[in-house]
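A quick write-up on the structure given underneath.
The values are calculated or read from the model by the stated rules, or taken from the named source; none is laboratory data. Given the structure is predicted, the values throughout are model-derived calculations rather than measurements. FYI the Cβ positions are ideal-geometry reconstructions off the backbone, even for glycines, and counts take in every protein chain you see.
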Amino acid sequence: MKYLVMVQGSQADYEAMSGKAPQDGPVWSEKELQAMFAFMGEVTNDLAESGELIDAQGLTEPAQARFVSKDKDGRPVITDGPYGETKEVLAGYWLLECESLERVTAIARRVLECPGPEGLVEPPVVIRPVQDSSGGEC
């Protein structure tokens, strides 16, 4: 089965990683950032070696996002990020082919072990099965 394993984040998280102090969390040091990137790289490399990795990407901060919607008259409305009403956004993901939900859950538990600064409150890792083209799970 294919699964999307998503890591959540916020604009404040990205700012903390760039050295700006958030209201409710720690600022990341360069050493902590290097440890986080090394850990995520190791997870990705292990998944590639096991043959489970289809794709993995980290995403830019919400301030670089663009939201495209329609107004009440059906006209396009384009808004640049970040979006105050959205606390958490997708920060990165792995698209995996795993033998079971239990296996992908074990991978998500491993992702939660990612190092970070003391006092960091990490959002959960989200697992979503990917539907195949017939509307069922892969």
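What number goes with the only condition from (1) within 16 Å of the chain's Cα centre (by Cα); (2) in contact (Cβ under 8 Å) with a residue 60 or more places away in the chain that Gln57 does not pass?
Every condition holds for Gln57 apart from (2).
Looking only at residues in the range 107-126 that are farther than 16 Å from Gly58 by Cα and of a type in the set (Val, Ile, Thr), which one is surrounded by the most Cβ atoms within 10 Å (Cβ to Cβ)?
Step by step, filter the range 107-126, then rank; the result is Ile107.
Inspect the range 19-41 for any residue being touching a residue at least 40 places away in the same chain (Cβ under 8 Å), buried (at least 16 other Cβ atoms within 10 Å of the Cβ) and in contact with an Asp or Glu (Cβ under 6 Å, 6 or more places away or on another chain) and give the result as yes or no.
No, the conditions are met nowhere in the range 19-41.
So which pairs qualify, if the first residue must be in the range 89-102 and under 15 Å from Glu49 (Cα atoms), the second must be at pLDDT 95 or above and surrounded by fewer than 16 Cβ atoms within 10 Å (Cβ to Cβ), the Cβ gap must be under 6 Å, and the two must be at least 6 apart or on different chains?
From residues that are under 15 Å from Glu49 (Cα atoms), the pairs are Leu95/Ile54; Leu95/Asp55; Glu97/Ile54.
Considering every residue within the range 90-105, establish whether at least one is assigned to a strand (DSSP E or B), among the hydrophobic types (A, V, I, L, M, F, W, C) and at pLDDT below 95.
First, the residues of the range 90-105 that are assigned to a strand (DSSP E or B): 90-97.
Within this subset, residues satisfying the condition of being among the hydrophobic types (A, V, I, L, M, F, W, C) are 90-91, 94-96.
Subsequent filtering for residues that are at pLDDT below 95 retains 90-91.
Yes, the conditions are met somewhere in the range 90-105.
Please specify each residue of the range 106-118 satisfying the condition of being in a loop (DSSP other than H, G, I, E, B) and either within 18 Å of Ser18 (Cβ to Cβ) or without any contact (Cβ under 8 Å) to a residue 24 or more places away in the chain (or both).
Initial filter on the range 106-118 (in a loop (DSSP other than H, G, I, E, B)): 112-118.
Listed by number, the residues that qualify are Leu112, Cys114, Pro115, Gly116, Pro117.
A quick yes/no check of all residues on (1) surrounded by fewer than 15 Cβ atoms within 10 Å (Cβ to Cβ); (2) touching an Asp or Glu at 6+ places or on another chain (Cβ under 9 Å); (3) more than 22 Å from Pro124 (Cα to Cα); (4) among the aromatic types (Phe, Trp, Tyr):
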residue	(1), (2), (3), (4)
Gly51	yes, yes, yes, no
Asp55	yes, no, no, no
Gly58	yes, no, no, no
Ala63	yes, yes, no, no
Val68	yes, no, yes, no
Asp71	yes, no, yes, no
Asp80	yes, no, yes, no
